[in-house]
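Notes to accompany the following structure.
No lab work stands behind these numbers, since they all come straight from the coordinates. Just so it is clear, the structure is predicted and the values come from calculations on it, not from any experiment. Neighbour counts run over all protein chains shown; Cβ positions are idealised from the backbone, glycine included.
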Amino acid sequence: MKIGILSRNRNLYSTKRLVEAAETRGHEVRVVDYLRCYMNITSRKPKVIFAGEELNFDAVVPRIGASRTFYGTAVVRQFEVMNVLTANESQAITRSRDKLRSLQLLAREGVGLPVTGFASSTKDIDGLLEVVGGAPLVIKLLEGTQGVGVVLAETDKAAESVIGAFQQLNANILVQQFVKEAKGADIRAFVVGGKVIASMMRQAAEGEFRSNLHQGGSAVQVKITPKERATAVKAAKIMGLDVAGVDMLRGNDGPVVMEVNSSPGLEGIEKTSGIDVGEKIITHLEERFAQEQAKASRRKKKT
């Protein structure tokens, strides 16, 4: 196959591992900065062009940064219009990036979540705090990633101050119950093709409540429970993601999903679990491509 890796930086660990995995399996692979792509949107011959060259791939693996979701997914969508196979579809990426929408969709399907509140007016802060059970609680910027824009408020007064400050800046925020029993640890389950292929437990650094590795957290290999495995697979399916990192807390009543990531990093999970996640992604892409080719062949025979 001709595989395109849509990434802004070919030197990132995740990008390099995907390139290595694809080349090892005999594919022709190219890294393309999706922000440098431009599109010819036409009904007869849609194109994606990079540095004056028309791109022709059999499949693409999107590695779209959270701050570039709009343009990145537009490029992925254009490849879809060209009938190019994508590891994750543009609509699924967009859906997962909208934290509020993703929580609403997960809640509708009965997935375990922390009690979450959302409001617009500063006049409703008291009611918002009551909804989530009061302090301690977690306040999150909807646009935040990798633990940035996440604040733990240990008293109602502190929560009121932080929420008020964010709302004065016209920032969209979520207010969530603080799951004390998780003790600063969460689980990242890596889902590929409807299966959990690797998992790890991340522990927050001393004095910190965020377990993100970018915030100084550490990671160890972990054996997840059947319920955690089923929850991760279900969450990825609800988002429509074929490749996803599902972050969960171990609550008293079972797994609690915090986020479903459409471009999960490979470095932490590979080094912690010892599993070649890059290869798993590429082999699954091969299987999907073969299935699509078989479908096309059957359609051609019918005509």
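For the chain, modelled as a GNM whose springs connect Cα atoms under 10 angstrom apart, the maximal fluctuation among Asn170, Asn83, Asn56 occurs at Asn170.
Between Lys195 and Lys157, the C-beta separation translates, for a Förster distance of 41 Å, into a calculated FRET efficiency of about 0.35. Taking the longest Cα principal axis of the chain as reference, the axis of helix 13-24 is set at about 30 degrees. The long axis of helix 69-81 is offset from the longest Cα principal axis of the chain by roughly 30 degrees.
Report the local net charge at Met200: Lys and Arg +1, Asp and Glu -1, summed over other residues whose C-beta lies under 10 Å from its C-beta.
Numbers: positive: Arg188, Arg202, Lys271; negative: Asp186, Glu270.
Every neighbour counted, the sum reads +1.
Pairs of Cα atoms nearer than 8 Å and 6+ residues apart set the relative contact order; for the chain it is 16 percent. Take every Cα pair under 8 Å whose residues are at least 6 apart in sequence, average their separation, divide by the length of region 181-279, and the relative contact order is 30 percent. For the pair Ala171 and Arg108, label points projected 7 Å from Cα toward Cβ lie 2.9 nm apart. Which part of region 54-95 falls in the paramagnetic zone of Arg30, meaning amide N under 14 Å from the point 7 Å along Cα-to-beta-carbon? 54-61, by backbone N distance to the label point. For the residues Gly26, Gly117, Gly52, a GNM of the chain with alpha-carbon springs under 10 Å puts the largest fluctuation on Gly52. Taking amide H as placed 1.01 Å from N in the peptide plane, Glu259 has its amide H under 5 Å from the amide H of Asp247, each at least 5 places away in sequence or on another chain.
Annotation: aspartates and glutamates with alpha-carbon distance below 17 angstrom to Lys180 (same-chain offsets under eight excluded): Glu154, Asp156, Glu206, Glu208, Asp247, Asp253. Distance from the alpha carbon centroid of region 167-200 to that of region 234-259 works out to 8 angstrom. Across the cross-link table entries Lys99/Lys223; Lys195/Lys301; Lys237/Lys295, which are compared at the Cα atoms, the separations over 25 Å belong to Lys99/Lys223; Lys195/Lys301. Seen against the Cα atoms of the chain and their longest principal axis, helix 277-302 is set at about 50 degrees.
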